[in-house]
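So the structure is just underneath, and the comments pick up after that.
Derivation of every value follows stated rules applied to the coordinates shown; laboratory data play no part. A quick note: this is a predicted structure, and the numbers were derived from the prediction, not measured. Neighbour counts are summed over all protein chains in view; Cβ atoms, including those assigned to glycine, are modelled from backbone coordinates with ideal geometry.
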Amino acid sequence: MPVDGKSFDIGWLLTHGAGASWTFAVSVQSHLEDADAAYAAEDWPLCVESCLLTLLCVRYCDLVVDGYSQRASEVERHLDVAYAGTDVTRDIRGLPPSVGATREDAVAARKVVATHVGRLRESLPVDVPVLRSAGGFFPTVRLGTDIERLRGTHGLPPLDWYQWDV
Amino acid sequence: MAGVQVVSVEQALGVVGVGLAQLRTHAGSVLADGRSYLVGSLAAGFGNRGSDIDIHLFRSTGGYAPPYLMFVGDVPVDLEHFPDQAVGDLLAQVTDLPVAATPFGPVALTNPLSETDERRLIRWLTALPLDPESGPVLPPQASADGFAVLLRAVVDRLVTMVALAELAEEVAAEGAPYLWARAGRLVLEVTCTGRGSAVTGEKWLPARLDACGVPVDTARRMLSVTSGEEFAAATGSLGLPAIRGVELTTVRPDPAAREVSVGRQRFLLTRHERVYPEWVAAAGATAAVRDDIGAAPLLSGLRTGQIVLDVSTDALRDALCR
């Protein structure tokens, strides 16, 4: 917990905070964009599917914020959703079947996703640009470069950015 | 091959509003050397305006190169280089494996592929050459062998999920309905794969089901099962035999987890960097371990990376060849 308002520990930023931000960029954002594209195409089943994947990535990202590392297997991931008892895992279980989904299903799923993505963003140490976009790619790389530089000045080795994988 | 058949690579790229000439111009010399293929969802006949362009390049010289990202306008393009021999290496793993005939289709009796190679196989089975003279990545006769292996991989996932759901039902906790619904989803994935539909990306399941002619009501029923009884009734209505999980699987300690000492205390440190003062260290047939320690600790150990669950190749072979 912050000791004085909105501050956070530099050690956390340079380890779990960096990992969570990176995971957000490569996983949550990608599925979020897929959901938006599916909604624009009025493909409601695909939109609900993409919302489901976004929420699964949000849950994984929540775990990384708390220090989780390495990829979660399919077994670990779904047992976690089945038993974790958090708001996001409850909402994952509550999504309607994607096949045959309606516009109303898609709208409701996107609303749930927006809530959890907004909450997750608040828990990240930095604002993460959209990695897989022409305007966001290099700013995201810059974030990584700056984090590596700070790690160096704090006596930490280069980060294994690929240890987190959904 | 089920799925929306793409007539040409131009039509596939047209989904994201990019022309082949435009792609070649942006890629410059990158596409000039070796054989280049469109792979992924667009090549498989799926995708929408927000899809990425995935390109695999094969060259006679040089090795694997990590994927890199470029953009054509706002459209991301992922390019990945492979040596020509990568194709032969993959084929050697999947060719002429023994198979069992099942209601889903021929299933390989072993599961030789890593997840990385499985994704490559899926992508190369549906790859579209940017230049028609390049021919397909995989020879046409490799398709049957490839799908038998892909089907085996999904069957393994199905058996695994059924095992988890069976164990969860014994605990009588709230988690079981979700796990049964996931098992129902995997029945649908097995059905699509058995009908010759393969694409990376879980999100394409509704489109695959549609392309394979699976009725919406049938699919919704499978995605909505909440108990072993409902699962058995739904799979039975598809003409499928009973699918057992617990009796076809084994458990063992996660090889990436290790015991560590701090003072006089011992802990288990998992690959997820979590430390447990108490842990599950069971090994053996899942049913025997369940009888020994109980379903709840078993599920807890599996959830936290203390132990892992494997499909028994011998038990599944016996079940498939029965």
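Things to note:
- Members of segment B:196-206 found to be surrounded by 20 or more Cβ atoms within 10 Å (Cβ to Cβ) and either more than 7 Å from chain A (Cβ to nearest Cβ) or under 16 Å from B:Leu125 (Cα atoms) (or both), listed by number: B:Ser197, B:Ala198, B:Val199, B:Gly201, B:Trp204
- Some residue of segment A:95-102 being over 19 Å from the mean Cα position of the chain (by Cα) and more than 10 Å from chain B (Cβ to nearest Cβ): yes
- Taken as a whole, segment A:59-70 holds at least one residue that is within 9 Å of another protein chain (Cβ to nearest Cβ), assigned to a loop (DSSP other than H, G, I, E, B) and either acidic (Asp, Glu) or at positive phi (or both).
- Going through (1) touching a Leu at 6+ places or on another chain (Cβ under 8 Å); (2) over 19 Å from B:Gly201 (Cβ atoms); (3) surrounded by fewer than 17 Cβ atoms within 10 Å (Cβ to Cβ); (4) not aliphatic (A, V, I, L, M) one by one, B:Gly62 falls short only on (1).
- Residue in segment A:121-135 that is within 14 Å of chain B (Cβ to nearest Cβ), in a helix (DSSP H, G or I), under 15 Å from the mean Cα position of the chain (by Cα) and crowded, with 16+ Cβ neighbours inside 10 Å present: no
- Within segment B:268-292, the set of residues being surrounded by 16 or more Cβ atoms within 10 Å (Cβ to Cβ) and away from every other protein chain (no Cβ under 14 Å) comprises B:Leu268, B:Trp279, B:Ala282, B:Ala285, B:Ala287, B:Val289, B:Arg290.
- Among residues of segment A:36-56 that are closer than 16 Å to A:Gly94 by Cβ and at the interface with chain B (Cβ under 9 Å from one of its Cβ atoms), those with a Cβ under 6 angstrom from a residue that is among the small types (Gly, Ala, Ser) and in a loop (DSSP other than H, G, I, E, B), sequence gap 6+ or separate chain, pair up as A:Val48/A:Ser98; A:Val48/A:Ala101; A:Glu49/A:Ser98.
- Identity of the residue in segment B:206-220, assigned to a helix (DSSP H, G or I) and without any contact (Cβ under 8 Å) to a residue 24 or more places away in the chain, that ends up farthest from the chain's Cα centre (by Cα): B:Asp217
- If you go through segment B:160-201 and keep only what is free of Cβ contacts under 8 Å to residues at least 24 places away in the same chain, under 18 Å from the mean Cα position of the chain (by Cα) and more than 25 Å from B:Phe46 (Cα to Cα), you end up with just B:Leu179.
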